[in-house]
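A.B. asks: What follows is a structure written as structure tokens; I'll ask about it next.
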Amino acid sequence: MKIYDESQVQKLIITAQAKEDRFLALYQLAVTTGMRQGELLGLKWQDIDWERRSIHVQRQLKRIPGGGLDFDPPKTKAGIRKIIFGIDTAKILKNHQHRQFAEMLTVGENWEDFELVFPSTVGTPMHPRNLLRRYKKLI
């Protein structure tokens, strides 16, 4: 596993901002909270407490052998936790929420609302492989 240093993380976030990447908020949460990919893709808007600037991690998106995706609780009891995030992350998340609302309006009745923070472009769970492709393209 390769770990980015602070300079590389800054470049990643700056590049995502410059390209108006749809997953800027996901990258921001990943580097500032240490949340795992499955936890990020399983995150729902109801899990975010805006007043306390916290996230209640209580599920993850997992691939099902043979194909498909499903939501499961984290692997261990310790995986269910609250994570505090900063003011800058809160701003990025709010911008992401507004952007997602605009996407919902554009897609219209074809939007499938799973209430996910980081869904596909039609509201369904984002396949981890598709996220990895987007990430590799960004870097």
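A.B. asks: Among K82, K94, K19, which one moves the most in a GNM of the chain with springs linking Cα atoms closer than 10 Å?
C.D. replies: Highest fluctuation of the listed residues: K19.
A.B. asks: Based on the Kirkwood radius over alpha-carbon pairs, what is the Stokes-Einstein translational diffusion coefficient of segment 1-65 at 4 °C with 1.567 mPa s viscosity, in µm²/s?
C.D. replies: Numbers: Rh = 13.2 Å.
In µm²/s, the coefficient rounds to 98.
A.B. asks: Determine the gain in length on full extension of the stretch D5-E20; use 0.36 nm per residue of separation and subtract their C-alpha separation, reporting nm with one decimal.
C.D. replies: On the way: separation 15, 0.36 × 15 = 5.40 nm, distance 2.25 nm.
My answer for the length gained is 3.1 nm.
A.B. asks: Enumerate the aspartates and glutamates that K137 could reach by cross-link, defined here as Cα to Cα under 12 Å, with residues fewer than 8 away along the same chain left out.
C.D. replies: Candidates past the 8-residue exclusion: D21.
A.B. asks: Given that compact globular proteins tend to follow 2.2 N^0.38 Å, what is the ratio of the alpha-carbon Rg of segment 32-139 to that value? Write out the running numbers ahead of the final one.
C.D. replies: Numbers: Rg = 14.2 Å, N = 108, 2.2 N^0.38 = 13.0 Å.
Normalised Cα radius of gyration, segment 32-139: 1.09.
A short reminder: the numbers here are calculations on the coordinates, not readings from a lab. Please read all numbers here as calculations on a predicted model, not as lab measurements.
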